[in-house]
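Contents: one structure, followed by commentary.
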Amino acid sequence: MQTKKANKLTVSELFGKLLSQQIFIPIAALLLLAIFNLIADPSFYKITYGINSAGAPVLSGYLMTILDYGSELAILAVGMTLVTAASGGQDISVGATIAIAGSVILRVLCGTNSRPDTLQAPIIVAFLVACVVAMIFGAFNGVLVAYFKIQPMVATLILFTAGRSIAAWINNNELPIISDPVFSYFGGFIPGIPIPTPFFIAAAVVAVAALALKFTNLGLYTQAVGINESSSRLNGLNPAFIKFLSFVILGLCVAVAALIKVSRLSSINYSVIAKDIEMDAILAVALGGNALSGGKFNLTASIMGAYVIQFLTTTLYKFNVQSDALPAYKAVVVIFLVVISSSVVRDYLRNIGSKISKKGVA
Amino acid sequence: MQKKRKTLTDANLLLTITIVVFFLMYIGAILFQGKGFLKPQTFFNILNANAALLILSCGMSVVMITGGIDISVGGVTALVSMCCAVYLDYHNGNVLGAVAIALAIGLAFGIVQGFLVAYLDIQPFIVSLAGMFFARGMTTIVNTNPFNVANEEFVALKNVRIIIPGMGSLNKLGKYVNAYVEIGVIIAILVVIILFCVLKWTRLGRFFYAVGGNSQSALMLGINVKRTKFLSHLLCSLLAGIGGFVYFMHVGSGAASHAMGAEMNAIASSIIGGTMLTGGVGNIIGTFFGVLSLSTIQNIVSSAGLDQAWWTGITIAAMLCLFLVIQSVVMARKKK
C-alpha cells in the first residue's frame, strides 16, 4: 500500500515518508543482507533436518543459528529500548550483568560443590534468584541514573568494570559445570522440538512485553519522560521512578538472557560470556530506528533490529571473519547508521530531495 | 585570584577532595603496607607504569570539560602499539616512523570522531563506542598474535632510564640504587604542563570551559561551538596516539588485549580528579592526582595480597561510584 501511494508523491515527500517509517530501516537492512547472501552464496539459506549429538531431531543451518543466537539479543533489545526511551542513554553493563546473573544461576544450582552430580536446587529457583539479583543490579544503575542524575552510560560504566569481577567472585573464581541434561534445554533443543528453545523464550518475553505495553500506561509514560522530563513531571508523572523502573525491567531481561547463555555451555567463562553484547543490544535499538537520545520507541523495530544484527554477525562468520575482528565491521555499520539517522544529514537529504523535485516541476 | 574568593568554589572543592584523598591513601599505604611505599622508587614505578594513562586521562579531561566523552582511547592505544610493533619488526622501520604512525592514527581518529560529534551532532558516546570497537577489531586484523618487538633502535630507546639525583635507596643487598623514570614519564609531565597552560591561559582553553558549561550561551558570545567541540575531540585522540606510543614504549610489545579498560581508567581518573561529567568544570592538576590516586589504590590492592584480578576492578568501580555520588551531591547543592 505504501508503494502505491508513493508513486504519486514528490521525491521529497517520498524521502520523508520512507525515513519516517521506523520499521523501514531494519527491514531495508535485512533485505540488503539477504540479497547480498543470495548472490554471494545461496547455500546460506539451506536448512537441514538432522539428529544432534543428544539424539534429538533438530533443524540446522545458518538461518537456524540466527533464530537461535538472535533471541537473547532480542530479549535484551526489549529492555534496552525501554531504558533508551526513558533515560535517553544506554546501559553498557548488560554483558557484565549477564555474567553476574549467570554466575548466580550456577552458584544456586551447584551449591558448594563445583561439579555436582545432581542439581542442588530446582532450576526455576535458581532462575528466580538470578532474576532478583539482576533486578537489584538494574536497580543500582537505576538509582544512579534516576536519583543521582548521572549520565546513564557513565553510571553503568561502574558495573561494566566491576561486573565480571563480581561474577567471578560469586563462584570463588571456580568454573562450575552442570551435567544435568535438562539444564541444557534452555539454550539448546527440547527433545522432540526441532526449533531452538531460545526462540520460544524470546517469543514469550516479547509477548509479555507487548501485553504490558498494551494494558498498562508503561509505554506512554516512558515516552513522555523521554521526550520531556520536566513537562511530564508537571503532568503528574514521576520521571525518576519511570527511569528507575526501566532499568529494573532491563535487569529482568538480563536474567532471562543469562539463563540462555549459561545453559548453552552448561558452564560459564567470566571474561568471555556475553562479551560485547552491549554493543549489539545498542546497535539493535539504533537499527530499529529508535532515537538514541530518548523519547518515542518502537519495540517491534528493535526486535527486528536484533535479528538483523545476528544476521550480519552470522554472515560475517560465514566469510571467515575472526570473532575478534567482528567489532571493526560492526562499528562501521553503527557509524553508517548513526550518520544517516542524524538530524543534520536528514535535513541535508531532504533539502536535496526538495531541490530535485522543484527542478522537476520547473 | 584566591583572595577575591572567600568560599571554595565547586571546582576547587572537588580538587581539594581529590588531593586530600590521595595523600590520605598514600599515608595509609605507608602505615599499613610497610616501608615499600616509603621508597621513592615505588612512587616513580607508579609513574612509570601509568605515564600512558596520565596522557590518556589529560585528553579525556579536555573532552569532558567540553561536555563530551571519548571511550575509544583504550582501543586507539592498542591499535597504535600493534601498528608500531608490526612496522618496527616486520617492515624494519625506524623509531621516527613509528612515532609518525602513532600520531597519524591519533589524528585520523580525532578527525573522524570530532567531525561526527561536532558537525553531525551525534552523541559522543555512541561515536566513540564505535571508535573503540573499530580500533579493537582493527588491531586484530593488523596482527592476531601478540609479540615482543626486537628492533634494536627501539629497545635501546625503551631502556633509557632517566636518573633522578638524590632520590635513590638501598636495595636488598645493601647497594645504593638510583631512582629512575622512563622517557614516557617526561613526555607525560610535559603534556600535563602544556595542557595546564592551554586550559588556564589561552583563548582555546577558555572556549573549552565555555562550551562545556553552557554551549548555548557560548554560542551567543560568538564562540564557534562546533569548531571547539571538534578541536577537543581532535586533541583527545591525538593525545591517545601519543599515549599509545608511550604505552608501547613501556610494554614493548603489540597485542590486541593491550590497554583493555584503559578508557575506563582514564574516565575514572578524570572524575576522581574533579572533572564534571556535565562539562565546564575540571582541572588538569586534579586529573594528575586522579591518576595517582587510581594507580596507588591498584598498587595497594596488589601488594595487600589481593592479587586476584577481580579486586582491582571492584575497587576502581567503588571509587568511581563514590566520586560520582559526591559530584552529584555537589551539583544538587549548587542548584539550591
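Remarks
- Order of A:Met304, B:Met331, B:Met82, A:Met80 under a 10 Å beta carbon neighbour criterion, fewest first: B:Met331, A:Met304, B:Met82, A:Met80
- Protection proxy ranking, highest mean first, for peptides A:257-268, A:112-123: A:257-268, A:112-123, where packing is the per-residue count of other beta-carbon atoms within 10 Å, averaged.
- Charge dipole magnitude, Cβ of K and R +1, D and E -1 - the range A:53-320, Cα centre, debye nearest 20: 320 debye
- Annotation for the range A:92-154 versus the range B:25-68: alpha-carbon center distance of 33 Å.
- The Rg/Rh ratio of the protein assembly as shown, with Rg taken over Cα atoms and Rh as the Kirkwood radius over Cα pairs, comes to 0.98.
- Seen through its C-alpha gyration tensor, with square-root eigenvalues sorted a ≥ b ≥ c, the range B:53-207 comes out oblate because a/c lies at 1.5 or above while a/b is not bigger than b/c.
- Fluctuation leader among B:Tyr176, B:Tyr26, B:Tyr209 - chain B, Gaussian network, Cα springs under 10 angstrom: B:Tyr176
- Taken about its Cα centre, the protein assembly as shown carries a charge dipole of about 2300 debye when Lys and Arg each add +1 at the Cβ and Asp and Glu each add -1 at the Cβ.
- In this structure, A:Lys296 and A:Ser323 have a Cβ-Cβ separation that, at R0 = 41 Å, corresponds to a calculated FRET efficiency of about 0.75.
- Rg(Cα)/(2.2 N^0.38 Å) for chain B, N = residue count: 1.01
- Taking all Cα pairs closer than 8 Å and separated by 6 or more residues, the relative contact order of chain B comes to 34 percent.
- Sorted fewest first by neighbouring Cβ atoms within 10 angstrom, A:Ile124, B:Ile183, B:Ile65 come out as A:Ile124, B:Ile183, B:Ile65.
- Per-residue average of Cβ from other chains inside 10 Å of B:319-328: 4
- Choice from A:Ala96, A:Ala331, A:Ala209 showing the highest fluctuation, given a GNM over chain A with Cα pairs closer than 10 Å: A:Ala331
- Extending 7 Å from Cα along the Cβ direction at B:Asn12 and again at A:Ile227 yields two label points whose distance is 4.6 nm.
- For the residues of B:136-149, the average number of beta carbons from a partner chain within 10 Å of their own beta carbon is 3.
- For chain A, the alpha carbon convex hull comes to 165 Å³ per residue, rounded to a whole number.
- Between the residues A:Ala34, A:Tyr185, A:Ser71, the greatest Cα displacement towards the positive end of the dipole of chain A, with unit charges on the Cβ of Lys, Arg, Asp and Glu, is found for A:Ala34.
- Note on A:Tyr348 and B:Leu31: the model spin-label points, each 7 Å out from Cα along the C-beta direction, lie 5.9 nm apart.
- For chain A: relative contact order, % (alpha-carbon pairs under 8 angstrom, 6 or more apart): 30 percent
- Relative contact order of the range A:225-362, pairs being alpha-carbon contacts under 8 Å that are 6 or more residues apart, as %: 17 percent
- Among B:Tyr26, B:Ile122, B:Met264 - extreme Cα towards positive end, dipole of chain B, charges at beta-carbon: B:Tyr26
- Simple Cβ-charge dipole of chain B, Lys/Arg +1 and Asp/Glu -1, about Cα centre, in debye nearest 20: 1440 debye
- Sum of -39500 (n - 2.57) over DSSP H runs of 4+, divided by residues of chain A (222 nm, nearest 500): -22500 deg cm²/dmol
- Taking A:Ser323, A:Ser232, A:Ser341 as the candidate residues, the one with maximal mean-square fluctuation in a Gaussian network model of chain A, Cα springs under 10 Å, is A:Ser323.
- Projecting the Cα positions of B:Ala240, B:Ile193, B:Phe134 onto the charge dipole of chain B (unit charges on Cβ atoms of Lys, Arg, Asp and Glu, taken about the Cα centre) puts B:Ile193 furthest along the positive direction.
- Partner chain coverage, peptide A:285-293 - average Cβ within 10 angstrom: 1
- Distant-in-sequence amide H partners of B:Tyr180 (H built 1.01 Å from N, under 5 Å): B:Ile164
- Computed from the Cβ-Cβ distance with R0 of 45 Å, the FRET efficiency linking B:Ile193 to A:Ser114 stands at 0.25.
- In this simple spin-label model, placing a label point 7 Å from the Cα along the Cα-to-Cβ direction at both A:Leu220 and B:Leu157 gives a separation of 6.5 nm.
Computed from the coordinates by the stated procedures, all read-outs in this text should not be read as laboratory data. Keep in mind that what you see is a predicted model, and the values were worked out from it rather than measured. All Cβ positions, glycine included, derive from the backbone under ideal geometry; neighbour counts span all protein chains shown.
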